[in-house]
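Below is one structure, written out as structure tokens; the observations come after it.
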Amino acid sequence: MVATVLRLRYRILGNTLARRPWQLVGFCIGLLWALWALVGVVAGFIALNAFQGLDVARTVAVLAGSALVLGWTIGPVLVAGTESTVDARRLAPFPLTTRQIMSALAATGLTGIPGIVTSLGALASVVLWLRWPAAAVIAVPSAALGVLICVVASRLVTTLSTGLGGHRRGREIFGTILLGVVIMTGPIITGILALLSSAGDVLGRLAQAAVVLGWTPIGAAWAVPGDAAAGDWIPAIAKFVIAAGTLAVLGLLWERALEASVSAPPRQTARTVAPGRLGFFAVMPTGGVGATWARSLTAWLRDPRYLRQLIFVPLFPVLFAFTTGIDGWLFSVSPLMVALILSIAGYADISYDGTAFASVLSTGVSGRADRWGRLLGAASVGVPAVTVVAIVTAAIAGTWTTLPAVLAAALGILLAGYGVSAVSSALLVVPVAKAGDSPFKTVPGQTFVNGLVVFLVLGVTIVLAAPALVLAIVSTVTSSAILAWIALAVAVVAGAGIILGGIVVGGRTLERTGPDLLARIKAFPS
Amino acid sequence: MSLTTAAPALQLAGLVKSFGPKVAVAGLDLVVPTGSFFGLVGPNGAGKTTTLSMATGLLRPDAGRAWVHGIDVWEHPVEAKRIIGNLADGVQLFDRLTGEQLITYTAMMFGIPRHEIAGRVADLLELMGLQEAAGTIVADYSAGMTKKIALACALVNAPRLLVLDEPFESVDPVSAANIEDVLRGYTASGGTVIVSSHSMDLVQRMCDHVAVIAEGRVLAAGTVEDVRAGQTLQERFLSLVGGRHVSEGPQWLRQS
């Protein structure tokens, strides 16, 4: 049975790669990278065994092993759908017991490229203990335990997150928490780095961390051979028991989760607002502009795929504050970076509509009205966000004098970008995560060309914003307050002109390209 | 204006569409008279959805033209779409909005005056039996509810031509009967409905005109009475389209 599922999985992989040459290229690159990493790891183990003592080997084994377990656990959340070719839901119609499904899924996890590389790497860790034969012998079952913990933990998380998949609300909460974690990643990492560098004795800290981790479910399996090599047999046995217990508990939880995901209702109504609560639809004027504006603004404030772009609003200032300090020039110009990101966030806005763009098209709304609506929606969020970031960073850094110049440059970029996006989004659609999917999901069909187009849009935006940018820079260099206010005026006036031009050109373009864009969206691999 | 009032509700001439090597619609001509309840039937892959997409301005034909009340859909798409209500098959809705928001949004897109919108939305929610679910996100609707909300959106602009692709798929019988009544009243008052369906019984009961299409061509079109020529529509359809097996199925499938 397991063999059949494995054959099926490789069959699906083969068919996918045969149909999509670029994915095959990506697959080969991934394969080469994995091989290279494996060779590096094995070489590192051999070097460690030859030149370093037992203490270093123990620290490395526990830390690397713990990182591996964490990676496997977080992986499916961050890159949703990586291992979805064969999952519990698809196996459900077949007459298999939960246990059989579990062994089939664990086997597919083990035999994927990450699984194979992890297994080989874990097996290679035996090299570390070759000088202590007894430890080397016990390293084999410990490594096997460690790898199984990786695979089962990853499967458990996948089951939980797709099990929640039935509960739209649950998944969205999950996504929001994830957004928060991602926002905090920068400060957390810089904080940890600062702690480490201030501590000075980095190696000592790491060794301490390894000792603690060795007693936790994450690192226990990888700590067993080290203890055995040191002759500490009782801790070694205790940690082996912890690891085995971890695997058993994970297995049990996974079994529960699988059974729950089958018995839970596939859909559950979560949020119901009172009738009459129309949100922005009650406020905006009737007509194509108002309707699109209300829809776009709702998406900017609700849809995780749009919210993801708003991460950058606090992220850039916070990141630069931590890395270069609030006196650094990078902190002062962070509103510009925010403006740049927000201005091109909608460079292929229609992609986010998905096939629902058909309903826009069938209302026969004019291209210009559609452009206005989307632009106003984006600007209702973007202009206040950029302005607030500019004022707040100026207040924190105490650089009130340069505020007009910074504001001029940031708004110049933002408005120019909106104008450019009004045209580019009438020409382009790119594959994006579907509404309701994880905003971090990697979508098939992204091509190299798409990436280049982003840079083209950015380039045109900066060129169009150049007058305001140059004036802002000159005013800062010459400390001329008047010039800074002129720059701000130029930014607003030129920006308005670029937007008007963009809407006329983009609107006319969209009326021509609308049906073709819809056809392209429909043709994206789903 | 006399020309537009005299013109048929929908006229298709020589429509062609291929997707790569596959020809989906191969020179299709069709006239849908004003005030008719028109059924479009055909096997899977016959080109029904492709045809209706081209007739409503969603899919650009390789060749041929489409007129709605005399307005060329591809020459004057904005004017044509103003008078079409379209329920497209196989496309999503903006399903992060609540049902009420979605209908309101659609009404606003058509520029319905603000003071009329709330009344129309309430009527449509009642007609579809969706008052309870008005405040629920459309993504949380069942398949049948989603179909009904899409139908409500197609009706909100009081179109002169309603193009409904598979409107009754997974809709419960009570709602279907209510919707049917409304559509009858609508055609009686001069509106035109074109529905595609797989259900011959439904088409025979509801429609006064029918076209049978297969492999991208019209095999027969006219009033239901003419097309079925004394047989049931089901029998006539099968004899036109062919491909019916007379068989009890493979031996291994039989239970005794």
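Observations
- A:TRP293 meets the conditions (1) buried (at least 17 other Cβ atoms within 10 Å of the Cβ); (2) within 12 Å of another protein chain (Cβ to nearest Cβ); (3) modelled with pLDDT under 80 in every case but one. The failed one is (3).
- Flag not set for B:ARG82, criterion: facing chain A (nearest Cβ under 9 Å), surrounded by fewer than 24 Cβ atoms within 10 Å (Cβ to Cβ), among the charged types (D, E, K, R) and more than 23 Å from B:LEU183 (Cβ to Cβ).
- No other residue among A:ILE486, A:ILE498, A:ILE503 is within 17 Å of A:LEU411 (Cβ to Cβ) and within 34 Å of the chain's Cα centre (by Cα) apart from A:ILE498.
- The lone exception for B:LEU102 - which of (1) within 7 Å of chain A (Cβ to nearest Cβ); (2) touching a residue at least 24 places away in the same chain (Cβ under 8 Å) it fails: (1)
- Criterion (within 21 Å of B:SER175 (Cα to Cα) and over 22 Å from the mean Cα position of the chain (by Cα)) met by exactly one of B:GLY119, B:GLY99, B:GLY85, B:GLY111: B:GLY119
- Residue count for the stretch B:213-222, restricted to those that are open to solvent by 50 Å² or more (accessible area, probe 1.4 Å) and closer than 24 Å to B:SER36 by Cα: 3
- When A:ASP370 is tested against the conditions (1) modelled with pLDDT under 85; (2) within 13 Å of chain B (Cβ to nearest Cβ), the lone failure is (1).
- Every pair of residues 6+ apart whose Cβ atoms lie under 7 Å, when the first sits in the stretch B:159-174 and is more than 25 Å from B:MET109 (Cα to Cα) and at pLDDT 85 or above while the second is of a type in the set (D, E, K, R) and open to solvent by 20 Å² or more (accessible area, probe 1.4 Å): none
- Just one of the listed residues (A:ALA385, A:ALA408, A:ALA433, A:ALA394) is part of a helix (DSSP H, G or I), under 27 Å from A:ALA299 (Cβ atoms) and either open to solvent by 10 Å² or more (accessible area, probe 1.4 Å) or modelled with pLDDT under 90 (or both), and it is A:ALA385.
- Here B:GLY144 fulfils each of the conditions (1) surrounded by fewer than 21 Cβ atoms within 10 Å (Cβ to Cβ); (2) at the interface with chain A (Cβ under 9 Å from one of its Cβ atoms) apart from (2).
- Among (1) over 13 Å from B:LEU130 (Cβ atoms); (2) in contact with a strand residue (DSSP E or B) (Cβ under 7 Å, 6 or more places away or on another chain); (3) of a type outside the set (Lys, Arg); (4) part of a helix (DSSP H, G or I), the one test that B:LEU151 misses: (1)
- The sole residue among A:VAL453, A:VAL463 that is more than 30 Å from B:THR56 (Cβ to Cβ), free of Cβ contacts under 8 Å to residues at least 12 places away in the same chain and either of a type in the set (A, V, I, L, M, F, W, C) or touching a helix residue (DSSP H, G or I) at 6+ places or on another chain (Cβ under 9 Å) (or both) is A:VAL463.
- Any hit, the stretch B:105-117, residues being more than 8 Å from every other protein chain (Cβ to nearest Cβ) and either under 20 Å from A:LEU297 (Cβ atoms) or aliphatic (A, V, I, L, M) (or both): no
- Within the stretch B:13-26, tally of residues that are assigned to a strand (DSSP E or B) and either among the charged types (D, E, K, R) or open to solvent by 30 Å² or more (accessible area, probe 1.4 Å) (or both): 7
- Test: residue in the stretch A:70-85 that is at pLDDT 85 or above and crowded, with 22+ Cβ neighbours inside 10 Å: no
- Test: residue in the stretch A:327-345 that is more than 25 Å from the chain's Cα centre (by Cα), within 19 Å of B:LEU97 (Cβ to Cβ) and not aromatic (Phe, Trp, Tyr): no
- Extreme residue, farthest from the chain's Cα centre (by Cα), among residues of the stretch A:296-320 that are within 14 Å of another protein chain (Cβ to nearest Cβ) and basic (Lys, Arg): A:ARG302
- Per the listing A:LEU342, A:LEU361, the residue uniquely in contact (Cβ under 8 Å) with a residue 40 or more places away in the chain, in contact with a helix residue (DSSP H, G or I) (Cβ under 9 Å, 6 or more places away or on another chain), within 13 Å of chain B (Cβ to nearest Cβ) and assigned to a helix (DSSP H, G or I) is A:LEU361.
- Filtering the stretch A:494-526 to residues that are charged (D, E, K, R) and within 11 Å of chain B (Cβ to nearest Cβ) leaves A:GLU511, A:ARG512, A:ASP516, A:LYS522.
- So B:VAL210, is it aliphatic (A, V, I, L, M), out of contact with any His (no Cβ under 8 Å at 6 or more places or on another chain), buried (at least 20 other Cβ atoms within 10 Å of the Cβ) and on the phi < 0 side of the Ramachandran plot: yes
- Residues of the stretch A:373-382 that are within 13 Å of another protein chain (Cβ to nearest Cβ) and surrounded by fewer than 24 Cβ atoms within 10 Å (Cβ to Cβ): none at all.
- Residue match in the stretch B:237-249 (condition: touching a strand residue (DSSP E or B) at 6+ places or on another chain (Cβ under 9 Å), touching a residue at least 24 places away in the same chain (Cβ under 8 Å), open to solvent by 60 Å² or more (accessible area, probe 1.4 Å) and in a helix (DSSP H, G or I)): no
- Some residue of the stretch B:119-133 being crowded, with 18+ Cβ neighbours inside 10 Å and at the interface with chain A (Cβ under 7 Å from one of its Cβ atoms): no
- Of all residues in the stretch A:17-48, those that are in contact with a Ser or Thr (Cβ under 8 Å, 6 or more places away or on another chain), more than 21 Å from A:LEU123 (Cα to Cα) and open to solvent by less than 90 Å² (accessible area, probe 1.4 Å) total 1.
- Residue count for the stretch B:31-71, restricted to those that are open to solvent by 10 Å² or more (accessible area, probe 1.4 Å) and in a strand (DSSP E or B): 6
- Residue count, the stretch B:85-96 (criterion: more than 7 Å from chain A (Cβ to nearest Cβ) and of a type in the set (A, V, I, L, M, F, W, C)): 1
- Test: residue in the stretch A:19-37 that is under 30 Å from A:ALA228 (Cβ atoms) and either touching a residue at least 40 places away in the same chain (Cβ under 8 Å) or of a type in the set (Ser, Thr, Tyr) (or both): yes
- Contact map, the stretch B:68-85: residues that are under 15 Å from A:ARG512 (Cβ atoms) paired with residues that are open to solvent by 50 Å² or more (accessible area, probe 1.4 Å) and part of a loop (DSSP other than H, G, I, E, B), Cβ distance under 9 Å, separation 6+ or inter-chain. Pairs shown: B:TRP74/B:ARG60.
The values are calculated or read from the model by the stated rules, or taken from the named source; none is laboratory data. Quick caveat, the model's predicted, so the values are computed rather than measured. Ideal geometry is used to build each Cβ from the backbone, glycine not excepted, and the neighbour counts take in all protein chains shown. What goes into the accessible areas is simple: the full protein's heavy atoms, side chains included, and nothing from ligands, DNA or RNA. Shrake-Rupley method; radii C 1.70, N 1.55, O 1.52, S 1.80 Å.
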